[in-house]
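Worksheet: the structure to be examined is printed underneath.
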């Protein structure tokens, strides 16, 4: 076992399975591109990247994907389906019901094209590891996780053993300080699992996670964690009592004051790193007076 651990004094906030996203509209379905700011394909320029799929977006009908290297593969999409989905509509609905949207956030980057990396020469997004690309790794045998702390974002890779999800052999593939992260935005088209991570140098990437909310929540700035000992007596009582009675062992809780005035306390499930999902968490939302929120009290910020 080799489970990644934060440094002393560093707070682990989230760990989730993550990859580069994949197109869903029929013109780009199953595809992804790595672009410079002129929309040129740059995957051949990325240092250390092995050969992988090269996709061609066919505007009027079929979409063709061919793989460069050994065992070339060609997949042809149907004209009929492309016409039905030309506007980006979803024929079958999102994979997770109402969590997604049939309306593109950005038609140019979700229907007409599907960049998952947008990076000028020398920018941070170009340093992302190739192992994040589902076209270059086999998820039956290998996974990539994003780890968020109060100091940095880390990407680790690990072999995937389907019969033993607790077997963790982490290898650090990439990391960057939080100060390099400019903005993180959910992308709901179509199943609500994607998010766009923008860096301060203007480059960005589009990632997909089985559970994106913890990553988005903890990557957003500013991150202002409140020490539990700094809470009021009523708030401290609520937090201590809640996590003491949790059904599963949890880590020390971390607390944030939300813009709406509510407080969110969260703790990670201890000793429970899952190769498929990452790390689970238990959370509590409360008012400033320390009372737990009732169903009608929640604000959008609470989620």
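Can you name every residue in segment 268-280 that is surrounded by fewer than 21 Cβ atoms within 10 Å (Cβ to Cβ) and either out of contact with any strand residue (DSSP E or B) (no Cβ under 9 Å at 6 or more places or on another chain) or within 18 Å of residue 244 (Cα to Cα) (or both)?
Correct list: 269, 270, 271, 272, 280.
What strands (runs of 3 or more DSSP E), lying completely within segment 134-250, carry at least 3 residues that are within 22 Å of residue 266 (Cα to Cα) and outside the structural domain of residue 264 (by TED's automatic domain parsing)? Before the answer, list the steps.
Numbers: elements: 142-149, 152-159, 171-177, 181-187, 194-199, 204-209.
Counting at least 3 such residues, we get 142-149, 152-159, 181-187.
Tell me, please, whether a residue that is in contact with a strand residue (DSSP E or B) (Cβ under 7 Å, 6 or more places away or on another chain), farther than 20 Å from residue 120 by Cβ and surrounded by fewer than 21 Cβ atoms within 10 Å (Cβ to Cβ) can be found in segment 33-46.
No, every residue in segment 33-46 fails to be in contact with a strand residue (DSSP E or B) (Cβ under 7 Å, 6 or more places away or on another chain), farther than 20 Å from residue 120 by Cβ and surrounded by fewer than 21 Cβ atoms within 10 Å (Cβ to Cβ).
Based on this model, can you work out whether residue 193 counts as within 15 Å of residue 21 (Cα to Cα) and touching a residue at least 60 places away in the same chain (Cβ under 8 Å)? Talk me through it step by step, then tell me what you get.
Values: within 15 Å of residue 21 (Cα to Cα): yes; touching a residue at least 60 places away in the same chain (Cβ under 8 Å): yes.
Taking the combined requirement at face value, the residue satisfies it.
Of all residues being surrounded by fewer than 16 Cβ atoms within 10 Å (Cβ to Cβ) and touching a residue at least 24 places away in the same chain (Cβ under 8 Å) in segment 237-257, which is nearest to residue 162 (Cα to Cα)? Just the residue, please. Working first, answer last.
In the first step, residues of segment 237-257 are kept if they are surrounded by fewer than 16 Cβ atoms within 10 Å (Cβ to Cβ); the result is 237, 240-241, 244-249, 252, 257.
With touching a residue at least 24 places away in the same chain (Cβ under 8 Å) added as a condition, the list becomes 237, 246, 248, 252, 257.
Working: 237: 41, 246: 28, 248: 23, 252: 30, 257: 39 Å.
Among them, the one singled out is 248.
The values are calculated or read from the model by the stated rules, or taken from the named source; none is laboratory data. Because the structure is a prediction, the values reported are computed rather than measured. When we count neighbours, we look across all protein chains shown, and the Cβ atoms used for this are built from the backbone with ideal geometry, even at glycine.
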